[in-house]
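Only one structure is covered here, and it is reproduced in the block below.
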Amino acid sequence: MKFLITAGPTREPLDPVRYLTNRSSGRMGYALAGAARHEGHEVLLISGPTTLDVPAGVDFIPVETAQQMYDAVRDMLRGVDVAILCAAVADYRPVVCAGQKIKKQADTLLLELERTPDILGSMRSVFGFTGKLIGFAAETNDVIAYGRDKLLRKQCDMIVANDVSKPGIGFDSRENEVVLIYPEHEVHLPQDTKEHIALQIIEHATIIPSS
Ligand code: PMT
């Protein structure tokens with residue numbers, strides 16, 4: 001099967017030296033890419049900036065911004081059987097990126113932000129993707145309810161929900177604990193290394209029946 005996996009944070013520039021980002025290390029997405037390759041699949045990893053090595057045998061497209069990730073995903077969907085969108089894409093970006101470094105002036109500085117394109121939400125409705133679609137949900141409360149809402153709104157086959165308020169899992173940690181949310185049921189994967197969690201997610205992804 002052919003997998004497309006997104007990973008890492010995005011960086012939304014404010015000026016030539018500053019950007020808005022988040023704490024995603026890319027580990028979960030890179031572990032998914034490594035696990036899918038280990039299981040013999042063809043894998044394309046599209047990632048925001050991280051310090052990780054690309055797993056051996058995995059095709060790789062580096063991006064920085066949400067817009068670049070959106071464009072790369074849209075352009076690379078041909079022949080993809082399973083898309084897993086694990087990246088922590090910025091939801092907002094500065095309306096204007098200053099051409100020169102913003103100088104210190106007043107005591108406060110107001111930034112105007114606008115929504116970034118919704119990659120997961122565009123997969124079915126804009127890109128016409130018909131393969132298996134797996135999204136992530138990073139939540140701090142009502143994890144299953146919010147995850148299930150995303151499953152329906154974004155027309156996913158499965159949502160991997162993690163509680164990112166729990167210490168030791170989620171953003172920038174070596175382990176994770178997730179709930180796989182399907183239309184009719186849920187599967188809890190207890191805390192383990194991201195590599196072990198990734199292998200289980202790939203196993204689940206490959207047995208989702210084609211719609
Ligand atoms: O990178 P690590 O340090 O290993 O951390 C792993 C993780 C916590 C980042 C990962 O497990 C995780 O939860 N990834 C999703 C993070 C996220 O942004 O979740 P969300 O609930 O805001 O987004 C929901 C889904 O929409 C995700 O599939 C996301 O990739 C996607 N999205 C979000 C915004 C946007 N503009 N386009 C998108 O496609």
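Of note:
- Under the Karplus curve 6.51 cos²θ - 1.76 cosθ + 1.60, θ = phi - 60°, whole-Hz ³J(HN,Hα) for region 159-174, x wherever Gly or Pro sits: 10, 9, 9, 10, 8, 7, 8, 7, x, x, 9, x, 4, 6, 10, 7
- Sorted by Cβ density within 10 Å, fewest first, the residues I144, I159, I5, I169: I144, I169, I159, I5
- For D15, distant residues with modelled amide H under 5 Å away: A98
- Mean-position separation - Cα centroids, region 9-61 and region 190-210, in angstrom: 18
- Sites S173 and L111, calculated FRET efficiency, Cβ-Cβ separation with R0 45 Å, nearest 0.05: 0.95
- Whole-Å semi-axes of region 101-211's equivalent ellipsoid (Cα gyration tensor): 31, 21, 13
- Residues F129, F60, sorted so that the one with the fewest Cβ neighbours within 10 Å comes first: F60, F129
- For region 129-168, with +1 on Lys and Arg beta carbons and -1 on Asp and Glu, the positive-most of F136, Y146, V164 along the dipole: F136
- Contour minus Cα-Cα distance for R74 and D149 (0.36 nm per residue): 24.6 nm
- Antiparallel DSSP beta bridges within the chain, percent to nearest 5: 40
- Percent of Cα pairs in the chain per distance bin of 10 Å, from zero to the largest separation: 9, 35, 37, 14, 5, 1.
- Label zone at D81 (point 7 Å along Cα-to-Cβ), backbone N below 20 Å, region 1-31: 1-6, 31
- Neighbour-count ranking [beta-carbon atoms within 10 angstrom, fewest first] of V54, V17, V143: V17, V54, V143
No value in this document is a laboratory result; all are computed from the given coordinates. As the structure is a computational prediction, the values presented were derived from the model and not from experiment. Neighbour counts run over all protein chains shown; Cβ positions are idealised from the backbone, glycine included.
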